[in-house]
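Every read-out reported here was derived from the displayed coordinates using simple, explicitly stated rules and does not represent laboratory data. Computed from a predicted model, the values in this text were never measured in an experiment. Every residue, glycine as well, gets a Cβ built from its backbone with ideal geometry; the counts of neighbours run over all protein chains shown.
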Amino acid sequence: MPRTTDSPQLVWFRDDLRTADHPALTAALSAGPTIAVYIFDEQSPGLRAVGGAARWWLHHALLDLHESLSQLGVPLILRSGPGSATVAAVAEQSNARGIHWMRRYGEAEREVDTLAKQQLQGAGREAHSYAGALLHEPWQLQTQEGNSYKVFTPFYNKLRDLELRPVLPAPEAQDVVRCDLDSEDLESWHLLPTSPDWSGGLAQRWTPGETEAQARLQEVVESIAAGYPEHHDRPDLDGTSALSPALRWGHLSPHQVWEALGRHAASSPGASEGAAAVQRQLAWRDFCWHLLYHHPSLPIKNLRAEFDGFDWSWPEQDQQTAAHVRAWQRGETGFRLVDAGMQQLWQTGWMHNRVRMVTASLLVKNLGVHWSVGEQWFWDTLVDADLASNSANWQWVAGSGADAAPYFRVFNPELQAKKFDPQGSYAARFAPVAHEPIVDLKESRTQALESYDHMKARQKG
Ligand code: FAD
């Protein structure tokens with residue numbers, strides 16, 4: 001018989017759409033009968049609107065979360081509106097005693113959460129925030145001088161010195177709580193594309209949610225990780241974890257991934273090199289969030305101010321750049337690896353890391369387009385679009401970021417294809433039609449290096 005409770009615990013879900021290893025949910029359930037809310041927030045100032053492919057993911061992930069929570073006896077309420085006022089309203093309507101959530105690290109998100117805390121506490125409620133999205137809190141890693149890190153290797157060395165919190169077991173079901181609060185209809189948020197519906201390729205490639213993410217983690221640990229050091233740079237081999245959307249949406253915590261890899265390595269001889277290599281990549285994700293936390297303008301401003309003086313092209317400013325950007329977006333640049341990558345992105349909402357670097361380099365270096373143009377396209381088309389990882393990596397490729405590739409490192413897409421897609425099978429799969437190259441690689445490389453020299457000369461002068 002469902003119980004009705006008039007002062008439940010309330011869990012506010014955001015980028016943490018899972019039930020296992022969820023410190024906020026576990027704490028709420030141990031404090032008493034629990035209900036949950038997800039708020040679709042397109043109104044709080046400064047929040048980036050969720051991109052198209054990510055909206056598709058979110059819709060399906062919420063269905064999966066709804067299912068997992070109902071198995072735990074936890075009702076999930078859906079609301080839309082500004083996060084702080086909406087959570088305060090749900091707390092008021094349910095007379096929630098304690099409100100629990102996992103921390104977010106973007107500046108605008110932190111402002112929403114601070115405001116929410118103030119409003120809830122002002123109304124005499126308890127608000128609790130928990131760590132869980134990152135291996136370590138961004139402020140926990142400091143250089144000897146007490147500064148934040150800008151270079152990955154020392155950051156990683158420090159990270160490995162810190163102890164990880166243990167992974168929490170999946171919570172036990174509570175007696176079902178009846179909840180009479182209004183919940184919006186997910187369909188009314190229009191997260192799925194309709195005219196046209198371009199999501200067929202996404203649905204073929206992915207099953208969003210915790211259930212599938214757990215299964216994939218098992219596969220990664222048992223069969224992908226061992227080959228990772230050798231295969232991770234080969235887009236033709238599917239040799240990486242493909243866990244980035246699960247991590248972006250919090251279907252898995254990085255702790256669960258780290259711990260599962262570590263456990264497997266400890267029990268099977270020969271697995272440790274692969275496991276350590278994937279763990280190292282996982283630390284890049286933490287590093288990107290560390291950068292974003294300490295430099296909140298990372299998504300919109302060059303981290304290295306000298307790049308403010310670079311002569312970038314913008315599609316709004318000239319027709320040729322607009323045509324170049326369109327060809328790049330459609331995978332019609334004439335460079336097969338780039339075109340395959342852009343098609344993989346368009347069709348499946350994901351692109352292999354090596355190809356992300358090569359496609360980004362072509363846009364920024366050979367076509368001279370500002371990195372933010374590419375960053376925004378990726379934001380809209382990736383199912384794993386993540387504010388920190390996307391902007392930090394775009395700036396890395398552009399040379400304007402922390403620990404960035406030096407500007408003069410211009411990837412040659414033809415050489416990259418020979419090396420990393422040697423049989424051309426990746427190109428054949430995603431870019432079966434060959435196009436005329438839209439730019440001369442040698443000339444544009446020289447031009448890029450000249451622009452860089454001008455920028456430096458202007459600075460000195
Ligand atoms: P694996 O190689 O299996 O790595 C395991 C996990 O480590 C990944 O799932 C991811 O969470 C993390 N990781 C690996 N490489 C990186 C990296 N360079 N930076 C940060 N985290 C990393 N990753 C995103 O999650 N979201 C983005 O929006 C995003 N945008 C990118 C844009 C550009 C221009 C580039 C060059 C890279 C971008 N990346 C982004 C990083 C990287 O390409 C993806 O994380 C990776 O391709 C995901 O595939 P995987 O899960 O198989 O990775």
Charged-residue dipole, Cβ positions (Lys, Arg, Asp, Glu), the stretch 100-143 about Cα centre, Debye nearest 20: 100
Treating only the Cβ of Lys, Arg, Asp and Glu as charged (+1, +1, -1, -1), what charge dipole size does the stretch 1-133 show about its Cα centre? Round to the nearest 20 debye. 100
What 222 nm value per residue comes from the helices of the chain, counting each DSSP H run with n ≥ 4 as -39,500 (n - 2.57) and dividing by all residues, nearest 500 deg cm²/dmol? -14500 deg cm²/dmol
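Fewest Cβ neighbours within 10 Å first, please rank Cys179, Cys288 accordingly.
Neighbour counts put them in this order, fewest first: Cys179, Cys288.
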For the residues Ile300, Ile35, what sequence is obtained by ranking on other C-beta atoms within 10 Å, fewest first? Ile300, Ile35
Any idea what the dipole of the stretch 302-461 comes to, in debye rounded to 20, about its Cα centre with Lys/Arg Cβ at +1 and Asp/Glu Cβ at -1? 480
Can you find, among Trp189, Val37, Phe13, the residue sitting farthest towards the positive end of the charge dipole of the chain, where Lys and Arg contribute +1 and Asp and Glu -1 at Cβ? Phe13
With point charges of +1 on the Cβ of Lys and Arg and -1 on the Cβ of Asp and Glu, referenced to the Cα centre of the stretch 172-308, which listed residue (Leu292, Ala173, Gly250) lies farthest in the positive direction of the dipole? Leu292
Among His66, Ala131, Leu261, whose Cα sits farthest toward the positive end of the charge dipole of the chain (+1 at Cβ of Lys/Arg, -1 at Cβ of Asp/Glu, about the Cα centre)? Leu261
Need one word for the stretch 1-133: rounded, prolate or oblate. Basis is the Cα gyration tensor (sqrt eigenvalues a ≥ b ≥ c); a/c below 1.5 gives rounded, then a/b vs b/c decides. oblate
Please report how far the C-alpha centroid of the stretch 424-461 lies from that of the stretch 99-114, rounded to the nearest whole angstrom. 40
Residues with amide H under 5 Å of Ser313's amide H, sequence separation 5 or more or different chain, H placed in the peptide plane at 1.01 Å from N; which? Val369, His370
Does the stretch 342-461 come out rounded, prolate or oblate, given a ≥ b ≥ c as the square roots of the eigenvalues of its C-alpha gyration tensor, rounded meaning a/c under 1.5 and, failing that, prolate meaning a/b above b/c? oblate
Tell me which residues come under 5 Å, amide H to amide H, from Thr34 once H is placed; ignore anything under 5 positions away on its chain. Gln9
The stretch 348-426: trypsin sites (Lys or Arg not before Pro) in DSSP coil with no more than 12 other Cβ atoms inside 10 Å: Arg409
Inter-part gap, Cα centre of the stretch 273-298 to Cα centre of the stretch 165-238, in whole angstrom, is 20
Classify the chain as rounded, prolate or oblate from the Cα gyration tensor: take a ≥ b ≥ c as the square roots of its eigenvalues, call it rounded if a/c is under 1.5, otherwise prolate when a/b beats b/c and oblate if not. prolate
Calculate the spin-label point distance for Met455 paired with Glu92, positioning each point 7 Å from the Cα along the beta-carbon direction, and give it in nanometres. 5.0
Cβ under 12 Å from Pro171's Cβ, Pro171 left aside: what net charge do those residues give with Lys, Arg +1 and Asp, Glu -1? -1
Which stretch or stretches of the stretch 95-137 have amide N atoms under 15 Å from the point lying 7 Å from His294's Cα along the Cα→Cβ direction? 136-137
State which entries of Lys365/Lys419; Lys150/Lys456; Lys117/Lys150; Lys365/Lys460 exceed 24 angstrom in Cα-Cα distance in the structure shown. Lys117/Lys150
